[in-house]
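The values are calculated or read from the model by the stated rules, or taken from the named source; none is laboratory data. All figures in this text were calculated on a predicted structure; none of them were measured in a lab. Glycine also receives a Cβ, built like all others from the backbone with ideal geometry; neighbour counts cover every protein chain displayed. Only protein heavy atoms, including side chains, enter the accessible area calculation; ligands, DNA and RNA are left aside. Shrake-Rupley method; radii C 1.70, N 1.55, O 1.52, S 1.80 Å.
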Amino acid sequence: VAAFAVFIIFIILDIINEFRDWSQIGLTLLSIAHNLVDLAIALAFISHFSGLNLPYITSTLAPYLQNEPFMLGAGIFLAVSNAIWLITMPFWM
C-alpha cells in the first residue's frame, strides 16, 4: 500500500509536469491518459489491499482485483507500460 501511495505522488507530479510542457500535444495527451490509467489502477490496488472505501474505485475497479489473472494483468500493465515509456521517452525529445 505504501509503494502505491508513493507511486500516486509521482503520478500527480508527472501530470502537473505534463501540463507545464505542451511542446508536443499528442505525446502530452497520451502521457496524461496513461497517467490517469496508472492512477486508477494504483487506487484500486490501495483499496483492495488496505480495505479503504474509495468512492467509485472500491465499487467499480476493486472487485476486478479478486480475479488473479486480472490482478496479474494490471501489474504487468503497470510494469511494462512504464518501462516502455521510460525507455522510449528520450527519443521523443
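All conditions in (1) part of a helix (DSSP H, G or I); (2) over 17 Å from PHE4 (Cα atoms) hold for ILE46, with the sole exception of (2).
For residues in the range 79-93 being within 14 Å of LEU30 (Cβ to Cβ) and aliphatic (A, V, I, L, M), which is modelled with the highest pLDDT? Top of the filtered list is ILE84. Within the range 49-84, the set of residues being among the polar types (S, T, N, Q), closer than 21 Å to ILE12 by Cα and assigned to a helix (DSSP H, G or I) comprises SER50, THR58, SER81, ASN82. Within the range 53-71, the set of residues being among the hydroxyl-bearing types (Ser, Thr, Tyr), under 22 Å from ALA3 (Cβ atoms) and open to solvent by less than 70 Å² (accessible area, probe 1.4 Å) comprises just one member, THR58. Looking at the range 1-13 only, could you name the residues that are part of a helix (DSSP H, G or I), among the β-branched types (Val, Ile, Thr), open to solvent by 70 Å² or more (accessible area, probe 1.4 Å) and within 25 Å of GLN66 (Cβ to Cβ)? Result: VAL6, single match. For the range 14-40, taking the residues that are in a helix (DSSP H, G or I), in contact with a helix residue (DSSP H, G or I) (Cβ under 8 Å, 6 or more places away or on another chain) and of a type in the set (S, T, N, Q), the one that is farthest from PHE4 (Cα to Cα) is identified as THR28.
The condition of being under 12 Å from the mean Cα position of the chain (by Cα) and in contact (Cβ under 8 Å) with a residue 40 or more places away in the chain holds for only one of PHE49, PHE45, that being PHE45. Just to verify a result, which residue in the range 21-52, among those that are buried (at least 20 other Cβ atoms within 10 Å of the Cβ) and small (Gly, Ala, Ser), is nearest to MET89 (Cα to Cα)? Top of the filtered list is ALA42.
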